1. From the set of residues in region 154-172 that are assigned to a loop (DSSP other than H, G, I, E, B) and touching a residue at least 40 places away in the same chain (Cβ under 8 Å), which is farthest from the chain's Cα centre (by Cα)?
2. In region 192-207, which residue that is of a type outside the set (D, E, K, R) and more than 21 Å from Ala104 (Cα to Cα) is surrounded by the fewest Cβ atoms within 10 Å (Cβ to Cβ)?
3. What residue, among those in region 116-156 that are modelled with pLDDT of 90 or more and of a type in the set (Phe, Trp, Tyr), is nearest to Ala77 (Cα to Cα)?
4. Against the condition part of a helix (DSSP H, G or I), among the hydrophobic types (A, V, I, L, M, F, W, C) and surrounded by 14 or more Cβ atoms within 10 Å (Cβ to Cβ), how does Met37 come out, does it pass?
5. Only one of these is in contact with a strand residue (DSSP E or B) (Cβ under 6 Å, 6 or more places away or on another chain), farther than 24 Å from Gln82 by Cβ, outside any strand (DSSP E or B) and at pLDDT below 90: Pro175, Pro207, Pro180. Name it.
6. Among (1) under 30 Å from Glu131 (Cβ atoms); (2) modelled with pLDDT under 70; (3) of a type in the set (A, V, I, L, M, F, W, C); (4) surrounded by 11 or more Cβ atoms within 10 Å (Cβ to Cβ), where does Leu110 come up short?
7. Kindly check whether there is at least one residue in region 45-59 that is buried (at least 17 other Cβ atoms within 10 Å of the Cβ), under 27 Å from Gly128 (Cβ atoms), at pLDDT 85 or above and touching an Asp or Glu at 6+ places or on another chain (Cβ under 9 Å).
8. Would you please name the residue that is surrounded by the most Cβ atoms within 10 Å (Cβ to Cβ), looking only at residues in region 121-141 that are touching a strand residue (DSSP E or B) at 6+ places or on another chain (Cβ under 8 Å) and farther than 22 Å from Gln89 by Cα?
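The values are calculated or read from the model by the stated rules, or taken from the named source; none is laboratory data. Note that this is a predicted model, so its numbers are computed, not measured. Note that we place each Cβ from the backbone using ideal geometry, even for glycine, and neighbour counts take in every protein chain shown.
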Amino acid sequence: MQFFLCLNTKLNKKIRTLYGQSLNTEPTAGFTLLEFMVVVIMVGTLVAIAAPTWQSLLDRQRMNAARGDLMSVLKTAQDEAQSRQQKKQVTFLPATATTPLSVAVRNLDLQSSTTSFVNSPSTVTVLGNGEVGLNFTIVTSDSDPIVFNSKGEVEDVNIMPYVISIRNTQLPAPPAGQSPTQSCVIITTLLGGLKPANDDLCDSFMP
């Protein structure tokens, strides 16, 4: 019996020498395939939940940037109409496959014989750094364009208040009674007062 115990001890020492570890050493911790698959599923679920929210945030930032550009164009048109004694017509250009949403401003010199804006040269401004493309559209509260007279005032009293709304056409229609996700500029008075707004507040000024 003593012989076998001695032999077992020698064998254990030999094995430890060869493999650098004892037979009683526990296996190294690690991930099983099942644990790995659970982690992958959890990450995929979190991404699926967060992706729409992240996209909505990006769309909102793009619409707000476009609204800021739009307000700047309208304010400049007002100021130049007054300082240069020119009527200014502001029209809104839809996005195409090659051009994003834009705004065109045309002049009508009060001292000239021109009676229409159609043939007048225009200055086109791209909105939102060109990031509001085919997925976005401009909706206005009236089909007529905005015209500022030589005093910088809105010429047509019948279209007031005038709302210019920027929307994402790829979003699903909101439930009945709710407003779509939008950023807008509201021309609140004949004097051309400009007010930025979002969502419900935009619709509250729509006819």
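1. Keep residues of region 154-172 that are assigned to a loop (DSSP other than H, G, I, E, B), which gives 155-156, 160-161, 169-172.
Then keep just the ones that are touching a residue at least 40 places away in the same chain (Cβ under 8 Å); that gives 155, 161, 171.
Working: Glu155: 32, Pro161: 25, Leu171: 12 Å.
Among those residues, the one meeting the criterion is Glu155.
2. Filtering region 192-207 for residues of a type outside the set (D, E, K, R) gives 192-194, 196-198, 201-202, 204-207.
Filter once more, so that each one left must be more than 21 Å from Ala104 (Cα to Cα): 197-198, 201-202, 204-207.
Working: Ala197: 18, Asn198: 16, Leu201: 15, Cys202: 24, Ser204: 12, Phe205: 18, Met206: 15, Pro207: 7.
Among those residues, the one meeting the criterion is Pro207.
3. Filtering first and then ranking leaves Phe148.
4. No, not satisfied.
5. Going through Pro175, Pro207, Pro180 in turn, just one is in contact with a strand residue (DSSP E or B) (Cβ under 6 Å, 6 or more places away or on another chain), farther than 24 Å from Gln82 by Cβ, outside any strand (DSSP E or B) and at pLDDT below 90: Pro180.
6. The one condition Leu110 does not meet is (1).
7. No, that holds for no residue.
8. Val132
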